[in-house]
1. In the range 1-38, which residues are surrounded by fewer than 20 Cβ atoms within 10 Å (Cβ to Cβ), under 18 Å from Leu141 (Cβ atoms) and among the aliphatic types (A, V, I, L, M)?
2. Report yes if Asp146 is more than 20 Å from Trp77 (Cα to Cα) and modelled with pLDDT of 95 or more, otherwise no.
3. Please find, within the range 27-66, the residue that is nearest to Glu159 (Cα to Cα) out of those that are in a helix (DSSP H, G or I) and in contact with a His (Cβ under 9 Å, 6 or more places away or on another chain).
4. Can Thr162 be described as touching a Pro at 6+ places or on another chain (Cβ under 7 Å) and hydroxyl-bearing (Ser, Thr, Tyr)?
5. In this structure, does Val130 turn out to be within 13 Å of Val39 (Cβ to Cβ), touching a residue at least 40 places away in the same chain (Cβ under 8 Å) and buried (at least 20 other Cβ atoms within 10 Å of the Cβ)?
6. Since Met22 meets every condition but one in (1) assigned to a helix (DSSP H, G or I); (2) under 14 Å from Ala124 (Cα atoms); (3) hydrophobic (A, V, I, L, M, F, W, C), which condition does it not meet?
7. Restricting attention to the range 67-95, report how many residues are surrounded by 13 or more Cβ atoms within 10 Å (Cβ to Cβ) and assigned to a helix (DSSP H, G or I).
8. Among the strands (runs of 3 or more DSSP E) lying completely within the range 112-185, list those that include at least 1 residues that are polar (S, T, N, Q) and under 24 Å from Glu95 (Cα atoms).
Amino acid sequence: MQDEHEVCVLRLGHRPGRDHRMTTHVGLTARALGADRVVIAGDASKSRSTIEDITDRFGGPFDVELTDSHRQLLREWEGAVVHLTMYGLPIQEVEGDVRADHADGPLLVVVGAEKVPFDVYEHADYNVGVTNQPHSEVAGLAVFLDRLFEGRELDREWEAATHEVVPKETGKQVEPREPDDQAEG
């Protein structure tokens, strides 16, 4: 079931044993930059558990699902579909239209790995290129989500976090959150 303003990222082409790190980073980027869930097509239970662990520690809400049929999700999706590809139209030319479609309903963002089946290009409402040069799908997703949300995702409040990063000019600091902080979210 999808929410009327949901942003869902569909990760296509996960190759077990080869793409664990990249698939995990697609999911973590989706979570950190405003998506509501990620659906991973393929056997990616290791990536799923890593993303769920991060969500448990640093907050949500964010859902992770596995599917054997990306085609069924594409067929049943009740909103706009954006396929991120270096062969697509430049993001700066279509971001306003995509944002307007998202205001009217849910958005599915398709992120591929290896060769994406041609039916994905045909099914997408938008084939979007963050740049028309080879680059990481993680970078493309990050730029796309930032453009979609116009930077608002950077101020998101996290619910049910057990830990939080304390911003510092130098060094690293992660602190456990107090139970009262977790309830306030």
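1. Passing the criteria: Met22, Leu28, Ala32.
2. Considered against the rule, which asks whether it is more than 20 Å from Trp77 (Cα to Cα) and modelled with pLDDT of 95 or more, Asp146 comes out as yes.
3. So, considering only residues that are in a helix (DSSP H, G or I) and in contact with a His (Cβ under 9 Å, 6 or more places away or on another chain), the one nearest to Glu159 (Cα to Cα) is Phe58.
4. Values: touching a Pro at 6+ places or on another chain (Cβ under 7 Å): yes; hydroxyl-bearing (Ser, Thr, Tyr): yes.
Spelling it out, Thr162 is indeed touching a Pro at 6+ places or on another chain (Cβ under 7 Å) and hydroxyl-bearing (Ser, Thr, Tyr).
5. no
6. If we test Met22 against (1) assigned to a helix (DSSP H, G or I); (2) under 14 Å from Ala124 (Cα atoms); (3) hydrophobic (A, V, I, L, M, F, W, C), just (2) comes out false.
7. Residues flagged as surrounded by 13 or more Cβ atoms within 10 Å (Cβ to Cβ) and assigned to a helix (DSSP H, G or I) within the range 67-95 amount to 7.
8. Strands (runs of 3 or more DSSP E) meeting the threshold: 126-129.
The values are calculated or read from the model by the stated rules, or taken from the named source; none is laboratory data. Note that the structure is a prediction, hence the values are computed from the model and not measured. Virtual Cβ from ideal backbone geometry, glycine too; neighbours counted across all protein chains shown.
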